[in-house]
Amino acid sequence: MRPELSQLPTAQDLSEQILHHLTHTQGRGPEFATVFDWRLAVSYTIRDLIVTPWMAGHRASRDRKLKRVYYLSMEFLIGRILGDAIINLGLDAQMDQALATLGLDRTEILEDEPDAALGNGGLGRLAACFMESLSSLGVPAFGYGIRYEHGLFRQRFEGGQQVEAPEDWLNQPHPWEFVRVDYSYTVGFKGHVETVDGKSVWRPGESVIARAYDTPVIGWEGNWANTLRLWGAQPTNLFDLHRFNAGDYAAAAEPEALARTLSRVLYPDDTTESGKELRLKQEYFLTSAALQDIIRRFVAEHGEDLAHLPDKVAIQLNDTHPAIAGPELIRILMDEHGFGFTEALGLARRTLNYTNHTLLPEALERWSTWLMGHVLPRHLQIIEMIDAEHRATTGRPAHVSILQHDQVLMGELAFIMAGKVNGVSALHTDLVRSTVFSDLHKLHPDRIVNETNGVTPRRWLRMANPPLAKLLDQSIGTGWTGDLDQLKGLEAHADDPAFLHALRAAKRLNKVALSNGLLAGLGIKADPDAIFDVQVKRMHEYKRQLLNTLEAIALWHRIHESPNGDWTPRLKIFGGKAAPGYWMAKSIIHLINDVAATINKDPVTAPYLQIAYPPNYNVSMAEHLIPAADLSEQISTAGKEASGTGNMKFTMNGALTIGTLDGANVEIREQVGPENFFLFGLTAAEAAAEKAKPGHARAAIEKSEDMKIALQLIAEGRFGRAEHYFSLLDRTWNDDPFLVASDFASYFACQRKVDAAYRDARDWDRMAALNIARSGFFSSDRTIRGYMADIWKVEAVTL
Ligand code: GPW
């Protein structure tokens, strides 16, 4: 597969091209160039090398009339592109040399690139890993999303509290995208439905133009690149000339401003539903533009007969956010192509598939029928037809309906319109079958399948962790990067003292680099030999950052009680953002910062316990934190985390997990072996039973002296003003919906086992080695192969 080495550019070729782009694309001579100029010149040099396989792949897919995958997602959390592209092209060594000759600092260039933060968390990052794996495997695919001008907000802390600022990545030229002015589609909203010659015709009252911006996504070894096509909103008419001529300049620009709001900003809600009209319009904007593009391409390649659509098109809906695709595809087939309803429904169902990413009721999308009818009147009619047809053909089941209590339930709509519905881990899929969609599952027992999530080892291992990647290359060869199961070969080294020593040295390099960053950024003096205990993810009660914080307080108190005890030094690191409107999550952020401020300046405990919470956790920060972690905190209430994907990244990078039997933790533990995993807490079934007991929290707190003291210290105001935390304390004592109290004792005890285990370096390193060796299953290449076989029925291209 790999192109001949002679075809790869040399370091000299690269430096010449960089200088060429600096001069001819950036218009700067080397003596005047800034880091930004150089970074763009380097990016254009790399981009040139991607364009060739990209176009070749497009031509091959078109000429061979291949079936394509279309991944529709409101989020693509890409992060930086340049470093990943260099690695996938196999040019890291040459580029290092080229940059050195030009007198440039590689890290400075790479870190000049802003993160493309077009997503909130796991769901958006999964879409980005999937795009990379689709290209690495050579599967013809498009990702469709929105080109948000402002990605996820920037987070800073003031007085320990989260403050949000707008994110601004498009304030500077974005070298990776190609604007396609010729691929523009009109997207309508509102208006009314007319009947013309017995046919329904939607007359939208408003419209905007969706303009395509394409980013190539290069796969491993540079043989294949797919397209991430992001839609930007443009006004149908630029401005109101009449108002302009009348001197009302602000009003004249209104149509433009209004249209552009559609792709202005990413909603910052993660696993909570916002229910706003603009959000519904964004969802339809993405879906309508994508479907128009898909059908245009189908017709261009296969002709007008859309009856063959399912043979050439597999559409994946990333959660319900693009679930309006069901009614929209039926609308296009009926109203624009003359199909009857039943036939249109059948074609749509053979084309569309739906991934469910959560069971949390607060995350399940539902729209009032009024709003749906107001924004998308024709779609509401079609939803009513879909619902009626489904009820009629399934014997009018009592509890199954898309329309309930004047709401459109997007989960049921997506399910009923999908050929396959998948969950994202084995446990989650079981729970999807037995809880949220139990009635629908009984009616359609073959529809739900499992596709356990995965992550790309190119970004998360080869790129993020050079010391470990080098050790792996030396120990088992380089084949693991494209075939992660080859990590199994490490098992043979797990008892080799020299290997374990090298593994520890690799981890230590990452820990030292992180310590330097924490000192420079936060003034925290970290001991690189302490346990680096990391919890990074969105802030949410179900993820239980509070449990981790209370453990820190209890440990701090215990150290104070016996300051001469033999404590294992620990650095707790937190990272993550809270949705701006999620009060409780913000209160937990405040608490962590207050606790950190108190503990970090305590001279008695300083040698043993430090807490760092760097602000603005994002993909790039994850790339620094994960490779430096010893301990991965995956401590959600069992039954609540659909899968988790950070958990997999930590495992691959040789961190041991402390975790509950939740999401993909279950499969991680199975893979690495229970003896190499720190398990604690209630199971999903036990948690559900515990929650049903009145007074469960109070009863659990009364039983755990450590927990009680931790809560007392907060209530006494030992970490900032007590009144800041009255609600949080009250909720913990009296409600505790995520069972922090019930799991505290088990968690605290398990952490002490971690302390003890860490003191036996040889044994710890052996466990770390086995975690890496057995992490091959968690490559997103494996996940994508599963979707290909079970859901999409597509094959990879052999060039
Ligand atoms: F609520 N997830 C996420 F299901 O990051 F839509 N954002 C979301 O809005 C949702 C789910 C949604 C996450 C899950 O919480 C996580 O467990 C999972 O690993 C990830 O999606 C990818 O499947």
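Values in this text are rule-based calculations from the coordinates and carry no lab data. Since the structure is predicted, the reported quantities are computational estimates derived from the model, not experimental observations. Every residue, glycine as well, gets a Cβ built from its backbone with ideal geometry; the counts of neighbours run over all protein chains shown.
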Packing-based exposure ordering (other Cβ within 10 Å, fewest first) of Ile78, Ile589: Ile589, Ile78
Three-way shape call for the range 59-187 based on the alpha-carbon gyration tensor, with the a/c threshold at 1.5: oblate
Qualifying GluC sites (Glu not before Pro) in the range 501-571, DSSP loop, other Cβ atoms within 10 Å at most 15: none
Inter-part distance where the range 703-760 and the range 354-403 are each reduced to a Cα centre, Å: 42 Å
Under 16 Å from Lys420, Cα to Cα: lysines that are on another chain or at least 8 residues apart: Lys442, Lys793
Mean Cβ count within 10 Å, highest first, over the residues of peptides 32-45, 703-716: 32-45, 703-716
Nearest-0.05 FRET efficiency for Ala165 and Ser274, computed from C-beta distance (R0 30 Å): 0.95
Whole-Hz ³J(HN,Hα) from phi, Karplus 6.51 cos²θ - 1.76 cosθ + 1.60, for the range 723-730, glycine and proline x: 5, 4, 10, 4, 5, 4, 5, 4
Exposure proxy order (Cβ contacts within 10 Å, fewest to most) of Met652, Met372: Met372, Met652
Span from the the range 102-160 Cα centroid across to the the range 601-680 one, whole angstrom: 21 Å
Other-chain or far-sequence residues with amide H under 5 Å of Ile146's (modelled H): Trp231
Over the chain, relative contact order from alpha-carbon pairs under 8 Å, at least 6 apart, %: 13 percent
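When you count, for each residue, the other Cβ atoms within 10 Å and take the mean per peptide, how do 622-630, 338-346 rank with the highest first?
Numbers: 622-630: 23.4, 338-346: 15.8.
Ranked by mean Cβ neighbours within 10 Å, highest first: 622-630, 338-346.
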Relative contact order, percent, the range 498-761 [alpha-carbon distance under 8 Å, six or more residues apart]: 20 percent
Spatially proximal aspartates and glutamates relative to Lys753 (Cα-Cα < 19 Å; intrachain offsets below 8 disregarded): Asp529, Asp533, Glu551, Asp566, Asp630, Glu633, Glu675, Glu705, Asp706, Asp743, Asp763, Asp765
Ranked by how many other beta carbons lie within 10 Å on average, peptides 267-273, 316-322, 248-254 from highest: 316-322, 267-273, 248-254
Karplus-derived HN-Hα couplings along the range 135-144 (A = 6.51, B = -1.76, C = 1.60, θ = phi - 60°), whole Hz, x at Gly and Pro: 6, 5, 8, x, 9, x, 7, 10, x, 10
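Pairs of lysine in the range 582-729 with Cα under 21 Å and at least 8 positions apart or on different chains: total? Each step should come with its number before you reach the end.
On the way: Lys586/Lys640; Lys640/Lys649; Lys640/Lys691; Lys640/Lys693; Lys691/Lys703; Lys691/Lys708; Lys693/Lys703; Lys693/Lys708.
Within the range 582-729, the lysine pair count is 8.
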Cα-based reach from Lys312 at 19 Å (exclusive), listing aspartates and glutamates while leaving out same-chain residues under 8 positions away: Asp63, Asp293, Glu301, Glu304, Glu328, Glu343, Asp790, Glu795
For the chain, calculated [θ]222 nm from helices alone, where every DSSP H run of n ≥ 4 adds -39500 (n - 2.57): -14000 deg cm²/dmol
Karplus 3J(HN,Hα) series, Hz, for the range 546-563 with 6.51 cos²θ - 1.76 cosθ + 1.60 (x for Gly, Pro): 5, 4, 4, 5, 5, 5, 4, 5, 5, 5, 4, 5, 5, 4, 4, 5, 9, x
Fully extended contour minus Cα-Cα distance, from Asn564 to His302, at 0.36 nm per residue: 86.6 nm
